[in-house]
Amino acid sequence: MKTLNDFNFKNKKALIRVDFNVPLNENFQVTDATRIQAAKPTLIKVLEDGGSCVLMSHLGRPKGVDEGLSLKHIADKIEDIIGVETIFVSDCVGEEAIEAAEKLNPGELLVLENLRFHEEEKSGDKAFAEQLSKLGDIYVNDAFGTAHRAHASTTIIAQFFPENKCFGALLSQEIKSIDKVLKTGEKPTLAILGGAKVSSKITIIENILDKVDHLIIGGGMSFTFIKAKGGTIGDSLVENDKIELALDILKQAEAKNVQVHIPVDVIIADDFSNNANTQICDITAIPDGWMGLDAGPKTRAFFHDVVMQCKTILWNGPIGVFEMENFANGTIALGNSVSEATKKGAFSLVGGGDSVAAVKQFGFDKKVSYVSTGGGAMLESLEGKVLPGIAAIAE
Ligand code: AMP
């Protein structure tokens, strides 16, 4: 698997797939530049070698050309962050793009227009990928967020660079972090799975049972397990059609020597609302008319002890309805535990779906080892799938 460090970019044009799908406000200003910042190490390496960068990305979900989703709105932000003059070209293929790429000098950045203005991007059209491939000498994929899609610029294009293709710094780091939690991390290893539903995490659980020593199941999905074990869960979230599956998962875990930790108490509420009346309750005896919305104090302490024993930690999914202030404390406590374990030398990876929003909201993003930049791509990696964007470089 080639990385950036396998190439010297002097006088070369790096054609880089980045994920600059950033949020814009009504004045088309970038409101969160995290994704641009995340690509900086890759761009700087190419520029410092004496090369130039041709940047391709999608922005939003345009249906055809949509001025509101033009990458011209973010060119200034890229220039600010990278500190290099940025040239924008109003199409990602065609004569204008070819001419702009040809004129590009070492040390310069060219930003192509939104790839998804062409429907051939998402359909993975080979001729379109070939046109894109004319714009650079070395193909670099640094877009983890779209690595699970076999789009023209993320996957199909790689075949036009049989030797000259590599992962960018960000994508390499994502792959290393996933490998650490699934393969190479120091033991004991722990996966914390929270969030709403068992059904959306089944494949992850099944894949992970072969890799970890401990599994914490929290949040909405824990109630299906509690009911499966004979508990009374009141009006809590439950997937009745997954009860058998929950029992099967517990059996599989036992056979594989994985210790499963399920909440013992919960904060229950008489309404799905921040202003509901609340009580602390044993998780196996929730009265009718009440629902469990956050981990209780005994659970927080018990999860803390599990987290502190482990040297490699994966965290996916909040363990309560963190969007409501009164039900965020369990997730905050768990974030504190994971941060403390990290400070003591554990490796911690947070990623997939809503987890990133939760850790950022409570400021844990600086206190864990790595926060993944890809929601869907991380979930599919944890399910054990080989992502097409990664396979295309590795082949
Ligand atoms: P996911 O996308 O599967 O990680 O689920 C995240 C969602 O799970 C968040 O929106 C949380 O509000 C929700 N969640 C966590 N705990 C509970 C719970 N006890 N009851 C209902 N929803 C929950």
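Under 21 Å Cα-Cα from residue 201, which lysines qualify once same-chain neighbours fewer than 8 residues away are excluded?
Within the straight-line limit of under 21 Å, residue 201 reaches these lysines: 180, 183, 211, 227, 229, 242, 251, 256, 385.
Tally up the carbon and sulfur contribution to the accessible surface of region 258-395 as a whole percent, 1.4 Å probe, everything protein left in place. If you can, show how the numbers build up before the last one.
Working: 2800 of 5570 Å².
Its accessible area is 50 percent carbon and sulfur atoms.
Just from its helices, what would the mean residue ellipticity at 222 nm be for the chain, if runs of 4 or more DSSP H residues each count -39500 (n - 2.57) and the sum is divided by every residue, rounded to the nearest 500 deg cm²/dmol?
Calculated mean residue ellipticity at 222 nm is -10000 deg cm²/dmol.
Could you please state, rounded to a whole Å, how far the C-alpha centre of region 304-373 is from the C-alpha centre of region 255-294?
19 Å
Considering only DSSP states other than H, G, I, E and B, which trypsin sites (Lys or Arg not before Pro) in region 29-92 qualify as loop sites with at most 15 other Cβ atoms within 10 Å?
63
In a Gaussian network model over the chain where Cα atoms closer than 10 Å are linked, find which of 378, 324, 56 has the largest mean-square fluctuation.
Per the Cα network of the chain with a 10 Å cutoff, 324 tops the list.
Rounded to the nearest 20 Debye, what is the dipole magnitude of region 145-238 about its Cα centre when Lys and Arg each give +1 and Asp and Glu each give -1 at the C-beta?
120 debye
In whole Å, how far is the Cα centre of region 147-168 from that of region 45-75?
The two parts, judged by their Cα centres, are 17 Å apart.
State in Å² the accessible area per residue of region 94-209; use a 1.4 Å probe, count heavy atoms of protein chains only, and round to the nearest integer.
I get 39 Å² per residue for this part.
The values are calculated or read from the model by the stated rules, or taken from the named source; none is laboratory data. The structure displayed is predicted, hence computed values, not measured ones. For neighbour counting, all protein chains shown are included, and Cβ atoms are generated from backbone atoms with ideal geometry for every residue, glycine included. Surface accessibility is based on the protein's heavy atoms, side chains included, excluding ligands, DNA and RNA. Shrake-Rupley method; radii C 1.70, N 1.55, O 1.52, S 1.80 Å.
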